[in-house]
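The values are calculated or read from the model by the stated rules, or taken from the named source; none is laboratory data. What you see is a predicted model, and the numbers here were worked out from it, not measured in a lab. Here Cβ is always computed from backbone atoms with ideal geometry, including for glycine, and neighbour counts include all displayed protein chains.
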Amino acid sequence: MHRLLILLSLVCWCDLAIGAGQPIDPYAQVKRMARGVNIIGYDPLWKDASAARFQDRHYQLIREAGFKTVRINLNCLHRMDKNLHLPETWFTTLEHQVREALRNDLIVILDLHDFTTVAKDPIAFQPRVIAFWRQVAERFKEAPDTVIFELLNEPNGLLTADLWNAWIPEILTAIRTSNPIRTVIVGSANFNGLTALSQLNLPDNDRNLIATAHYYHPMSFTHQGAPWSKHKNLSGVTWGTAEDRAKVVDDFQRAAAWSKEHQRPILLGEFGAYDKNKSDVALRAAYVAHVARTAESMGWAWTYWQFDSDFILYDIDRNHWVEPILKALIP
């Protein structure tokens, strides 16, 4: 029996649409994904399980809080050997996380998150991206349809829109060989920007796709004080005027028009406001609430950035939710 099936033996398989040979309509998939959160991308667990900050019990906390989905951020291309094989220890860690998420009735998005390295040298990294999806797709081909693949987080830099659009069919081919009806998420180049959806070309013959976009505008507010950002020296930037709110709605309506024209549902894969700046948490909560409610009004699913590390939703060190942000996301 397939090793993954053994590892997932404790999961309820009653919703095994993949096994039944029937694809899930992507709009229905978005509806049941609903509200989610990004997890464990920068957790020590990937190197040492004993050093993990995120624990199995957190899946239950996430589900009980009202979330339906977790987006697992995978930074792993550097772990491949010379034959582009991922280590068995990495798969063991990933399979455990997927099993625990499914056990808690959460939809799982497996997000290839190595966007920085790929953007710097896409030609060199393309074989790794293809090899990654061949291996992951084969490993998870028996998983239920509540496991979803996301091709690559935030293509950018030298991975231009034209080059990324050329890659998409090739990566999908690597996946479809073993997962012909798996739901797959694909975003645009230019960091999955919401306004960059117009640059995204998806193959017409594959309708089991969800488009994704990220939203952090205005960056001067959401990234003020973030040390990796050009806004690292900013502080005290506010948000919340009628004009600010209208801008969000206008941006989302433009994306909704693209969605309707191309008949592709949308996942808002990331949004939030940096938590270590000097902005009042009430302002950040107001921003998060407005973005989430606007996305919901468009019929989109969303996954907040993120559970731990920065932009945090849950304070692992103090073992409690950041209540203003939690209540903004799930009133």
Seminar exercise, completed: The residue from ILE123, ILE148, ILE175 that alone is surrounded by 20 or more Cβ atoms within 10 Å (Cβ to Cβ), of a type in the set (A, V, I, L, M, F, W, C) and part of a helix (DSSP H, G or I) is ILE175
Exercise. Between residues in segment 310-324 that are surrounded by 15 or more Cβ atoms within 10 Å (Cβ to Cβ) and residues that are basic (Lys, Arg), which pairs lie under 8 Å by C-beta distance while being six or more apart or on different chains?
Worked result: ILE316/ARG53; PRO324/ARG284
Seminar exercise, completed: When segment 222-233 is checked residue by residue, the ones that are over 21 Å from GLU296 (Cβ atoms) and either out of contact with any helix residue (DSSP H, G or I) (no Cβ under 6 Å at 6 or more places or on another chain) or acidic (Asp, Glu) (or both) are HIS223, GLN224, GLY225, ALA226, PRO227, TRP228, SER229, LYS230, LYS232, ASN233
For this session: Residue by residue through segment 209-248, note down the ones that are in contact with an Asp or Glu (Cβ under 9 Å, 6 or more places away or on another chain), over 30 Å from ILE24 (Cα atoms) and among the polar types (S, T, N, Q).
Result: THR238
Exercise. How many residues are among the hydroxyl-bearing types (Ser, Thr, Tyr) and in contact (Cβ under 8 Å) with a residue 60 or more places away in the chain if we restrict to segment 198-233?
Worked result: 4
Exercise. Tell me, which residue of segment 37-65 that is among the small types (Gly, Ala, Ser) and touching a residue at least 60 places away in the same chain (Cβ under 8 Å) is surrounded by the most Cβ atoms within 10 Å (Cβ to Cβ)?
Worked result: GLY41
Problem set entry | Restricting segment 275-308 to residues that are hydroxyl-bearing (Ser, Thr, Tyr) and at pLDDT 95 or above, the residue that is surrounded by the fewest Cβ atoms within 10 Å (Cβ to Cβ) | SER297
Seminar exercise, completed: The lone condition ILE266 fails out of (1) of a type in the set (A, V, I, L, M, F, W, C); (2) modelled with pLDDT under 95; (3) crowded, with 23+ Cβ neighbours inside 10 Å is (2)
Exercise. Are any residues in segment 115-138 within 22 Å of GLN97 (Cβ to Cβ) and either of a type in the set (Phe, Trp, Tyr) or touching a Leu at 6+ places or on another chain (Cβ under 6 Å) (or both), and if so, which ones?
Worked result: PHE115, ARG128, ALA131, PHE132, TRP133, GLN135
Exercise. Listed residues PHE125, PHE132, PHE149; which is at pLDDT 95 or above and within 26 Å of ARG35 (Cβ to Cβ)?
Worked result: PHE149
Problem set entry | Pairs with Cβ under 6 Å, 6+ apart, first in segment 152-168 and in contact (Cβ under 8 Å) with a residue 60 or more places away in the chain, second surrounded by fewer than 23 Cβ atoms within 10 Å (Cβ to Cβ) and part of a loop (DSSP other than H, G, I, E, B) | ASN153/HIS113
Exercise. Looking at segment 133-145, is at least one residue touching a residue at least 12 places away in the same chain (Cβ under 8 Å), surrounded by fewer than 24 Cβ atoms within 10 Å (Cβ to Cβ), in contact with a helix residue (DSSP H, G or I) (Cβ under 8 Å, 6 or more places away or on another chain) and in a strand (DSSP E or B)?
Worked result: no
For this session: Please find, within segment 211-233, the residue that is nearest to LEU200 (Cα to Cα) out of those that are among the aliphatic types (A, V, I, L, M) and surrounded by fewer than 22 Cβ atoms within 10 Å (Cβ to Cβ).
Result: MET219
